[in-house]
Amino acid sequence: MKAKLFIFIMLFFAAVNLSAQKIGVEAGYIHVTEETNASTAVYPSQVSGVRIGPVSETEIFTNVDFRYGVIYSYLMSTFDGAISGTNYYNAHLIDVPLQLQLGFPVDNALKLFAFAGPNFNFGISQKTINITNIGSSEIKTTYDRYKADADDDGVYDVNRFDLQVGLGAGAQYDNIQLRVGYNWGILDLNNRDNIDLKRNQLAASLVFMF
């Protein structure tokens, strides 16, 4: 699975290099909120992290661009275990945003813009490690979210793939952009009956265009 994802990213980036008018690198902050009707002791409902990746903008009409990219996010959190010990959570995610971007030039160097479109999200890994010390012994338990099957039906509980819709706004001065956007998850990621799980994302980034 990871090999297929790597090949997809390389082919996508190659296509970007061949066809794009403007290429850049985006880096910034991400905050993920999960909406669910089930409590969990090993996965946080809110977690923050960092994101980075290549992006591209292709002009369709004057001040209207098609924007896309491949953004890697790393999330982490530390919190108390439900029974004992400490939980250490980390996640690795890939976003592929496809956006229409409308620009509002202020002068030759400054432009404001708004954007909207779908975001394809793929979970590479989500794990929590619980570490509990009993006397001189350390007990370590690992929970892999994408390999859990609580009802033993042969289907993993949580899907790796997510589809989101988002919008945002920002400003560009010369070749530097400041962007803030929000994505709403529209798919139920949990395969179990009577349990819903949706993921929303807030992102704030700096982009350097070349």
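The values are calculated or read from the model by the stated rules, or taken from the named source; none is laboratory data. These figures come from a predicted structure and were not determined experimentally. Neighbour counts are summed over all protein chains in view; Cβ atoms, including those assigned to glycine, are modelled from backbone coordinates with ideal geometry.
Computed quantities for the displayed model
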quantity: Tally of residues being closer than 15 Å to Gly123 by Cβ and touching a residue at least 60 places away in the same chain (Cβ under 8 Å) across segment 37-50; calculated: 1
quantity: The listed residue being out of contact with any Cys (no Cβ under 7 Å at 6 or more places or on another chain), in contact (Cβ under 8 Å) with a residue 60 or more places away in the chain and not acidic (Asp, Glu), out of Leu100, Leu110; calculated: Leu110
quantity: Flag if Gly69 is closer than 15 Å to Asn183 by Cβ and surrounded by 17 or more Cβ atoms within 10 Å (Cβ to Cβ); calculated: yes
quantity: Qualifying positions in segment 105-140 - of a type in the set (Val, Ile, Thr) and out of contact with any strand residue (DSSP E or B) (no Cβ under 7 Å at 6 or more places or on another chain); calculated: Ile134
quantity: Positions within segment 115-156 being among the acidic types (Asp, Glu) and over 21 Å from the mean Cα position of the chain (by Cα), in sequence order; calculated: Glu138, Asp149, Asp151, Asp152, Asp153
quantity: Wholly enclosed strands (runs of 3 or more DSSP E) of segment 110-177 bearing at least 1 residues surrounded by 12 or more Cβ atoms within 10 Å (Cβ to Cβ), at negative phi and touching a helix residue (DSSP H, G or I) at 6+ places or on another chain (Cβ under 9 Å); calculated: 110-134
quantity: Any hit, segment 52-66, residues being of a type in the set (D, E, K, R), more than 17 Å from Val96 (Cα to Cα) and either at pLDDT 80 or above or surrounded by fewer than 18 Cβ atoms within 10 Å (Cβ to Cβ) (or both); calculated: yes
quantity: Residue ID - farthest from Leu110 (Cα to Cα), chosen from residues in segment 178-210 that are surrounded by 20 or more Cβ atoms within 10 Å (Cβ to Cβ) and in contact with a Ser or Thr (Cβ under 7 Å, 6 or more places away or on another chain); calculated: Leu197
quantity: Some residue of segment 74-88 being buried (at least 19 other Cβ atoms within 10 Å of the Cβ), hydroxyl-bearing (Ser, Thr, Tyr) and either within 22 Å of the chain's Cα centre (by Cα) or assigned to a strand (DSSP E or B) (or both); calculated: no
quantity: Matching residues in segment 138-173 - criterion: being among the basic types (Lys, Arg) and farther than 24 Å from Phe120 by Cα; calculated: Lys140
quantity: Residue selected from segment 28-47 under the condition exposed (fewer than 15 other Cβ atoms within 10 Å of the Cβ) and small (Gly, Ala, Ser), by the criterion modelled with the highest pLDDT; calculated: Ser45
quantity: Some residue of segment 157-174 being of a type in the set (Val, Ile, Thr) and more than 22 Å from the chain's Cα centre (by Cα); calculated: no
quantity: Number of the exception - Ile94 against (1) touching a Lys or Arg at 6+ places or on another chain (Cβ under 8 Å); (2) within 18 Å of Lys198 (Cα to Cα); calculated: (1)
